[in-house]
Amino acid sequence: MVSDNNITLRKDVAVKAALEAGEMLKKNFGHVTDIKTKSDRNLVSDLDLKADEIITRVIEEKFESDNILSEEKPIPELEAGFTWIIDPIDGTHNYIRNIAIFGVSIGIAYDDKVVAGVIYMPTTNELYWAQRDKGAYCNDKRIRVSQRDIRQATIFFDSGIRYEPDAILKSLGSLADKVFNVRMLGSTVRGLTYIAEGKAELEVEYTDQVWDYAAGLHIIEEAGGRVTDFKGNEWNINTKEYIASNGVIHDEVLNTLNDNK
Ligand code: IPD
Ligand code: CA
Ligand code: CA
């Protein structure tokens, strides 16, 4: 098993990289100059690429032979060992429209299991991190999930509704009927960090990629929450659909989603 020390060294570098990229994004907020279309309704800006360059440079200075998997680079063949999982801006479409809900996300996996995660929310100066068996923190203060039940729950729901509208809207309707309220933020990491610190109770995602969730799901688990796929199985870096919760409401959400399939 990989040692704590090897994880801590990398977590510290992830913090440095996220802060450096995040400060650049904050300084340039409102000044996107170049936007390209990656696919239908999927944009990337010059600042996503600049943030990616900063993060990659900081990592490679110290851990040149680790794998790097970034949303903004071609997917590499992954070797065994450490993989850095990078989303330079989670919430790109918010960022492009000057909506200040976005974050920098860096997960660190050993083989297919995430062992540390760092998320920086530049506009609110919140730095979240977690490391295997060491708990979850925001600006070095320990954070924990809430104990709210389903009736009191604030939930975040997938923003990829257009990919499977019938099934997803049916699930949304059934959950909306049970919970306190539903939000869609346009940034997975914003939702996941709110759950980890007990401000909200659930995120349901159908179409996320590993760079959207690697750091955030680890932070939720270290904050005492629960994460599974829709069948209740453990997650890893190959998971597609997942629910992440405060734990209290998890089984009821799973049952509701599966009753509606
Ligand atoms: C997206 C956001 C969005 C989520 C999408 C992601 P991006 O990431 O996190 O909230 O629903 O699935 O792709 O493109 O802004 O990095
Ligand atoms: Ca993302
Ligand atoms: Ca992104």
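The values are calculated or read from the model by the stated rules, or taken from the named source; none is laboratory data. The model shown is predicted, which means the values in this text are computed figures rather than measured ones. All Cβ positions, glycine included, derive from the backbone under ideal geometry; neighbour counts span all protein chains shown. Protein only, heavy atoms only, side chains kept; ligands, DNA and RNA dropped before computing areas. Shrake-Rupley method; radii C 1.70, N 1.55, O 1.52, S 1.80 Å.
Points worth noting:
- Apart from one condition, GLU203 fits all of (1) in contact with a Phe, Trp or Tyr (Cβ under 6 Å, 6 or more places away or on another chain); (2) open to solvent by 30 Å² or more (accessible area, probe 1.4 Å); (3) among the acidic types (Asp, Glu); the exception is (2).
Yes/no matrix, rows are residues, columns are (1) over 17 Å from ASP229 (Cβ atoms); (2) at pLDDT 95 or above:
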{"residue": "ARG144", "(1), (2)": "yes, yes"}
{"residue": "ARG151", "(1), (2)": "yes, yes"}
{"residue": "THR154", "(1), (2)": "yes, yes"}
{"residue": "ILE161", "(1), (2)": "yes, no"}
{"residue": "LEU202", "(1), (2)": "no, yes"}
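- Every residue from the stretch 77-117 that is within 16 Å of ligand 3 (Cβ to nearest atom) and among the β-branched types (Val, Ile, Thr): ILE85, ILE86, ILE89, THR92, ILE96, ILE99, ILE101, VAL104, ILE106
- Residue match in the stretch 121-141 (condition: touching a Ser or Thr at 6+ places or on another chain (Cβ under 8 Å) and aromatic (Phe, Trp, Tyr)): yes
- Matching residues in the stretch 75-104 - criterion: being closer than 15 Å to ALA51 by Cβ and assigned to a loop (DSSP other than H, G, I, E, B): GLY91, PHE102
- Meets criteria (out of contact with any Pro (no Cβ under 7 Å at 6 or more places or on another chain), in a helix (DSSP H, G or I), over 18 Å from ASP87 (Cβ atoms) and open to solvent by less than 30 Å² (accessible area, probe 1.4 Å)) for SER146: no
- Scan of the stretch 53-83 for residues that are open to solvent by less than 10 Å² (accessible area, probe 1.4 Å), closer than 20 Å to LEU25 by Cα and either without any contact (Cβ under 8 Å) to a residue 40 or more places away in the chain or under 18 Å from the mean Cα position of the chain (by Cα) (or both), ordered by number: ILE55, SER70
- Selection count where residues are of a type in the set (A, V, I, L, M) and either within 16 Å of ligand 2 (Cβ to nearest atom) or assigned by TED's automatic domain parsing to the domain that holds LEU43 (or both), scope the stretch 221-240: 1
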